[in-house]
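Data block below; observations after.
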Amino acid sequence: MEDVLVLKDLKTVQDIVHEYGPTLKFGHIPLVIDNGSYQCRVGWSVHDEPSLIFKNLIARPRKDRCKKDAEPPVTPPIQIGNDIINIEAVRFQLKSQFDKNVVTHFEVQEQVCDYIFSHLGIDSDGCIPHPIVMTEAFVTPNYSRQLMSELLFEAYGIPAVSYGVDSLFSFYRNDIGDTALIVNCGYHTIHIIPVIKGKVIEEHARRINLGGSEIVCYMHKLLQLKYPVHVNAITMSRIEEILHEHSSIALDYQEEIRKWANPDYYENNVIRVQLPFVQSTSSSGLTAEQQKERKKEMARRLLEINARKREERLAEDEEQLNQLLALQELIEDGDTDEFDEAIKGFDIKNYGDLQRQIGNLNMRIEKNKQRIAAAANAEETIETRPTGRFQPPTDPEAFQVWLNDTRAKYREVLVRREARRARRAAMVKRRTAAAAERMRAISRLAAAGDDFGYRDSDWDVYKSISREADSDSEADGERLVELEEALREHEPPQPSHHRHQLHLAIEPYRAPELMFQPSMMGNLEAGLTETMEYIFKHFSDEEQLLLANNVFITGGCSQFPGLKERLERELLEMRPFQSSHKVVMAKNPSLDAWYGARDFAGSNEFENFCMSKEEYYEMGGEYLKEHHASNKYYKSPAPIVDNTLAPAGDANVVKEEIVVDC
């Protein structure tokens, strides 16, 4: 029995309001906030785990029009994080404080901060009496930090704040040395940061504007295009579940594509995911025998339609042949003038062309008669033998072998028909191999003379250059009808739940491949390995070796299985022969940034790296105190005042009279 995966469709659980005990209230305990663009993780520096983990999103649902007078309101005016019970219902009302990975919408950030402090149970009047460790993006703009400091100091009255980079916190948390090439795979961006002997080399760091959000959207589009009937059932939340649980990164993407092109490999490895559906209670009321008879009747009607089309085509050909024979009699009777006048209504140039068309029509009529006779004999055989031409064996094992063989023949005919259609399409286009071969055949025929068509071998040449290929396509069409009839009659009926399944083949590998090939979705930036190779070129051979021997992967989007092995393979290809390299995965790529910030907040030197409220007023909101995991502080230049333009009424302006000598 085939394994079918059922989607969990997990609902979020609302966060509780934590206890704000005396130890926290009077202990001046630092508060650690990992403000990620996908999830926000908040906790106290004295705790082992974060107290709150929620998606960094807010929603303003539409008001319940029919219940607008209800007290209290049925729908909360604002839903934040885990309070959003059904995220798909408010998908188009979701807002985030981020543009890519930088906080720019501070009205949303203020709502998120209210949610954080209220659910931590902080009940102090008018202020938050705790220093805060806040993570920020690598090389965050001063303007963004200034507004964040203004929000924390002015709106919440915090005593101090320290900013740090999430990927650097994760790096030092894992304690793997002081030199590494950090690859931070985030929700919106991928940062590649070289660190040499504890010093971050900002000028050689690079950012790729692609992350988990683009991978989710790309997977969403792939499956919606593959299953247009289930567009509404393929939601973003289900796509995230599929990516988190069933996606991985291929070691060799091109080889993976070739594997999935094999039907046997597809059947053995495809992931079947069951979508929710409602079982239809209506039934046709027909028994199994009645349904079988109905299928036979439909197949018989289809055969009758095909036979009628053949007879109509035969009648048209015979009528056209009679007209051409009448023209031939004119030339045999010596009425050349009347013959020349009569051929103007036909696509005939001369007498040789007439003979050629008569020969082709005779050949076509003869083949049509043979097909009609063969179909009549097959119909008589079906009538005399009710079980049909394709009589399956009665033994269950032999029946399964026969059924698989019939399916294979059916797929073979389908493949042949699709190849023929592709060839016809290629003939129409210019500069294709099929069109060039056709033109070469036509040029050879032009040099052959006017006797083309009298030999039997000429028919094969005609078929090779014809876009129609009637005989072959009709034979395959008849074969296809026969196989469809046999499968329709004897194949077990497909359960209704099969029509509500997603078959995941190359898609779980194709979506994460965007990290290495952003061009697949139209992004013109370089991929992960190309960017790493570009960064290596900016360092000496000794420094390159140090960086390559400690490639550190962190970030939530780095949890795809196979990423570590893929990077090791890419490093083997890009690095010099027999040079060493090593890839290290973070112990907990999602939470290590919070753990690192917690360890920093609990250290003895933490207070030395905090910006106090007095320093905020003195230095400005963009200021930060540098430490091992922070950005560097570069003071914004003073605005340039342009004094070159004087006011119109200024008395100091010297007016000169220009005299033009004519």
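The values are calculated or read from the model by the stated rules, or taken from the named source; none is laboratory data. Being a predicted model, the structure only gives us computed values, none of them experimental. Positions of Cβ are generated from backbone atoms using ideal geometry, with glycine treated the same way; all protein chains shown enter the neighbour counts. Heads up: the accessible areas ignore ligands, DNA and RNA and are worked out on the full protein's heavy atoms, side chains in. Shrake-Rupley method; radii C 1.70, N 1.55, O 1.52, S 1.80 Å.
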So the pair-distance distribution of the stretch 513-589, from every Cα-Cα distance in 10 Å bins, comes to percents of 17, 49, 30, 4
The answer for GluC sites (Glu not before Pro) in the stretch 607-637 that fall in a DSSP coil and have at most 16 neighbouring Cβ atoms within 10 Å is Glu626
So the FRET efficiency between Phe26 and Asn86, C-beta based with R0 = 30 Å and rounded to 0.05, is 0.15
Placing each pseudo-label 7 Å from Cα in the direction of the beta carbon, Thr179 and Gln400 end up separated by a distance in nanometres of 6.1
Cβ-Cβ cut-off under 15 Å around Tyr595, Lys and Arg +1, Asp and Glu -1: the net charge is -3
Net charge (Lys, Arg +1; Asp, Glu -1) of residues whose beta-carbon lies under 11 Å from that of Asp166, Asp166 excluded, is -1
Which of Lys11/Lys55; Lys197/Lys625; Lys100/Lys221; Lys55/Lys100 exceed 18 Å between C-alpha atoms? The answer is Lys197/Lys625; Lys100/Lys221
Here the gain from full extension of Glu341 to Leu94, 0.36 nm per residue of separation minus their alpha-carbon distance, amounts to 81.2 nm
Expressed per residue, the solvent accessible area of the stretch 511-601 in Å² (1.4 Å probe) is about 44
So Tyr265 and Ala376, fully extended at 0.36 nm per residue minus their Cα-Cα distance, gain in nm 35.9 nm
Honestly the stretch 73-150 on the Cα gyration tensor test (a ≥ b ≥ c root eigenvalues; a/c under 1.5 rounded, otherwise a/b vs b/c for prolate or oblate) is just oblate
In the stretch 149-238 the accessible area split gives carbon plus sulfur, as whole percent at 1.4 Å, a share of 52
Heavy-atom accessible area of the stretch 519-635 with neighbours in place, 1.4 angstrom probe: carbon+sulfur share in percent works out to 50
Ordering 236-246, 300-310 by per-residue average of other C-beta atoms within 10 angstrom, highest first, gives 236-246, 300-310
Rounded to one decimal in nm, the spacing of the 7 Å Cα→Cβ label points at Thr235 and Glu107 is 2.8
Residues other than Thr529 with Cβ under 14 Å of its Cβ, Lys/Arg counted +1 and Asp/Glu -1, net out at -3
The FRET efficiency for Arg272 and Glu626, from their Cβ-Cβ distance with R0 = 51 Å and rounded to 0.05, is 0.45
Descending packing, highest mean Cβ count within 10 Å first, for 37-47, 519-529 is 37-47, 519-529
Computed on Cα atoms only, the convex hull of the stretch 237-350 has an orientation-averaged projected area in nm² of 18.1
Highest mean packing first, using Cβ neighbours within 10 angstrom, the peptides 550-561, 201-212 sort as 550-561, 201-212
Regression test value, accessible area per residue of the stretch 124-204, probe 1.4 Å, units Å², expected 32
